[in-house]
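Asker: Quick one: the structure is below, questions incoming.
The values are calculated or read from the model by the stated rules, or taken from the named source; none is laboratory data. The structure presented is a predicted model; accordingly, all values stated were derived computationally and were not measured. All Cβ positions, even for glycine, are placed from backbone atoms using ideal geometry, and neighbour counts span all protein chains on display.
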C-alpha cells in the first residue's frame, strides 16, 4: 500500500522531484509500476520539506488524491527544497481520519512514512502499544497502523536511539507481534535518510556529493537506480548509502 520518496540534494522545485519525472510519485498515485498490493493511491497524500536555516520541516497533506488538488500544483511549482519526504496513500482500511492519516508524520526535525500494512491490526499490536507511555497513545495523529508504528519509532528516537536503531528495532518488534506485516519505513531529519525494506519494494539513486533519492520505485528510467534487498536497513546522506541486513524476529 502507498508509495513514498525521500530526497537530499541541491534545492529543487517540488514539482521537479514529485511531478515532472516520467514515472513520478504524482503518476504513481494512479499508475504505479511496481506496487504489489493495491492499484491506486487515492486515499490521501502529503509532502514535507525543509527550508534553509530552519531545521523544523513544513508539511502539506490532504485526504484526497494528489491529482485533484490545485493548491498542490501551485506549491509544487514554486516551493524549493534540498530535503523532501513525500507519499501517496492507499489506505489499508477505510477510516475517518482523512488528512491526519496521510504521511508524512512529523515531530521536531523528523518526517516519517510507512509503506505497508500491519497484519491483524489493531489487535495484533495491542501488547506492543501497552509499552508506550499513555501520553504517546493519547497524542496519536490518527487511528491507523502507520500512526502507531510512528509512535513506536518516535519513542525510541526520544529515548536516545539513533535513526537506524530506532527503525530496525521497531520493525523487529512489530514483525514479531504481527507476522507477515509489510514494514517499509522511511525517515529523514533533513540531513540523512533512513529506511527499511521489509515486504515491499525499495530503491535508491545516489550521486555522491550531490543527491540521494530513496523511493518505493524509480521515478524515471535512469540506469543508476539500485534495488534494496528485502529485510534491509538503508542509511543514507548526500555523500553515501549504507545497506545493512535486518534480522528476522526470533521465533
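Asker: Could you list, in sequence order, the residues of region 19-45 that are free of Cβ contacts under 8 Å to residues at least 60 places away in the same chain and either touching a strand residue (DSSP E or B) at 6+ places or on another chain (Cβ under 7 Å) or within 16 Å of residue 99 (Cα to Cα) (or both)?
Answerer: Scanning region 19-45 gives 29, 41, 42, 43, 44, 45.
Asker: List the helices (runs of 4 or more DSSP H) that sit entirely inside region 80-194 and contain at least 1 residues that are touching a strand residue (DSSP E or B) at 6+ places or on another chain (Cβ under 9 Å), modelled with pLDDT of 95 or more and surrounded by fewer than 24 Cβ atoms within 10 Å (Cβ to Cβ).
Answerer: 145-158, 163-177
Asker: Sticking with this one: Using the structure shown, decide if residue 35 is more than 18 Å from the chain's Cα centre (by Cα) and either on the phi > 0 side of the Ramachandran plot or modelled with pLDDT under 95 (or both).
Answerer: no
Asker: Is it the case that residue 77 is in contact with a helix residue (DSSP H, G or I) (Cβ under 7 Å, 6 or more places away or on another chain), touching a residue at least 40 places away in the same chain (Cβ under 8 Å) and surrounded by 20 or more Cβ atoms within 10 Å (Cβ to Cβ)?
Answerer: no
Asker: Can you tell which of 47, 56 is modelled with pLDDT of 95 or more, surrounded by fewer than 16 Cβ atoms within 10 Å (Cβ to Cβ) and not in a helix (DSSP H, G or I)?
Answerer: 56
Asker: Out of all the residues in region 207-224, which are out of contact with any helix residue (DSSP H, G or I) (no Cβ under 7 Å at 6 or more places or on another chain) and under 14 Å from residue 84 (Cβ atoms)?
Answerer: 211, 212, 213, 214, 215
Asker: Still on this structure, I have one more. In a loop (DSSP other than H, G, I, E, B) and closer than 15 Å to residue 113 by Cβ, is that true of residue 230?
Answerer: no
Asker: So, of the residues in region 1-12 that are surrounded by 16 or more Cβ atoms within 10 Å (Cβ to Cβ) and either at pLDDT 95 or above or in a helix (DSSP H, G or I) (or both), which turns out to be farthest from the chain's Cα centre (by Cα)?
Answerer: Result: 12.
Asker: Of 15, 64, which residue is in a loop (DSSP other than H, G, I, E, B) and either more than 16 Å from the chain's Cα centre (by Cα) or modelled with pLDDT under 95 (or both)?
Answerer: The conditions single out 64.
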